[in-house]
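Have a look at this one before I ask anything.
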């Protein structure tokens, strides 16, 4: 299979907002480290008759956990201001060690509601964000895809990271998902569409296949315009979506432009947006 590679065109280097000492380049490097690891292990599995690497996992959420852990470690390793959570099941996955706030030495024994600076990392195949608690603080979401399931074509990469997005969440941004009386599944919480929207507006890395789709047409337009701010080829292929190169005439509230390339306005001023 082909070795997957990060495309620099899909790195939102200048526009993405990241917390603490993280950069979009570090995120891109972390993705490439996952690609390199997955490719090498996948090739070994195929050559030795074990099938594709992903087939060794019993459940999709196990794959997501593996991907998020690899990304987490790759972000922490080169960054002096970040450390892994010392508790395996604790959160956030990454904690920030600079500034006035530091990680308590005995955090695993401390109450969960104590505010700890850091980043929770989640990965899923469908782009949803699920946790076992209402994370307060920064959440980094990874949307990945396992390619060509059950086949080993030479012209397909084994795994693709479609997007990496990040936003700060509050406890009330989450929705509870009870497991039910007869279910063995533990209770979980998920980010609803409105909360995911905040993440979708801040892609750090995003392929064209990773551009989100929403039932809200204005949101979809906004997502495409945001993507076009760092993917120059996409912008050239969709000129009517991006009237200004710097996006200065696009409303931050609703994503509509003040004037398109033909001089027609969606609304006259930012104050004209209902948001």
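Decide, for segment 8-210, between rounded, prolate and oblate: order the square roots of the alpha carbon gyration tensor eigenvalues as a ≥ b ≥ c, take rounded if a/c falls under 1.5, and otherwise choose prolate if a/b is larger than b/c, else oblate.
On the way: a/c = 1.58, a/b = 1.32, b/c = 1.20.
Taking the square roots of the gyration eigenvalues as a ≥ b ≥ c, segment 8-210 is prolate.
Note down the nm distance, to one decimal, between modelled labels 7 Å out along Cα→Cβ at residue 56 and at residue 240.
Result for the modelled spin labels: 5.0 nm.
Residues in segment 117-132 near a label at residue 168, defined as backbone nitrogen under 12 Å from the 7 Å Cα→Cβ point?
Of the residues in segment 117-132, 117-118 have backbone N under 12 Å from the label point off residue 168.
State the extension gain, in nm to one decimal, for the chain segment bounded by residue 125 and residue 233, taking 0.36 nm per residue of separation less the distance between their alpha-carbons. Mind dumping the intermediate values first?
Working: separation 108, 0.36 × 108 = 38.88 nm, distance 2.59 nm.
The span from residue 125 to residue 233 would gain 36.3 nm if fully extended.
A further question on this structure: Between residue 202 and residue 145, what length in nm is gained on full extension when 0.36 nm per residue of separation is reduced by their alpha carbon distance?
Working: separation 57, 0.36 × 57 = 20.52 nm, distance 2.00 nm.
Net length gain for the segment: 18.5 nm.
If I model a spin label as a point 7 Å beyond the Cα along the Cα-Cβ vector, how far apart are those points for residue 176 and residue 29 in nm?
Here the modelled spin labels are 4.3 nm apart.
Another question about this same structure. Got the relative contact order for segment 8-210 handy, in percent, Cα pairs under 8 Å and 6 or more residues apart?
Values: 337 pairs, mean separation 40.7, N = 203.
Across segment 8-210, relative contact order equals 20 percent.
Could you work out the Kirkwood radius for segment 3-81, taking every pair of different alpha carbons, averaging 1/r and inverting it, reported in Å? Show your work: numbers first, answer last.
Details: mean 1/r = 0.0711 Å⁻¹.
Hydrodynamic radius (Kirkwood, Cα only) of segment 3-81 equals 14.1 Å.
Label 7 Å along Cα→Cβ of residue 209; segment 32-50 residues with amide nitrogen under 15 Å?
The answer is 35.
May I pose another question? Quote the FRET efficiency, to the nearest 0.05, computed for residue 193 versus residue 80 with a Förster distance R0 of 35 Å and r equal to the Cβ-Cβ distance. Display every interim value, and only then the final one.
Numbers: r = 37 Å, r/R0 = 1.05.
Efficiency for this residue pair is about 0.40.
Values quoted throughout were computed directly from the atomic coordinates according to the rules given, and no laboratory measurement underlies them. Note that the structure is a prediction, hence the values are computed from the model and not measured. Heads up, the Cβs are rebuilt from the backbone with ideal geometry, glycines too, and the neighbour counts pull from every protein chain shown.
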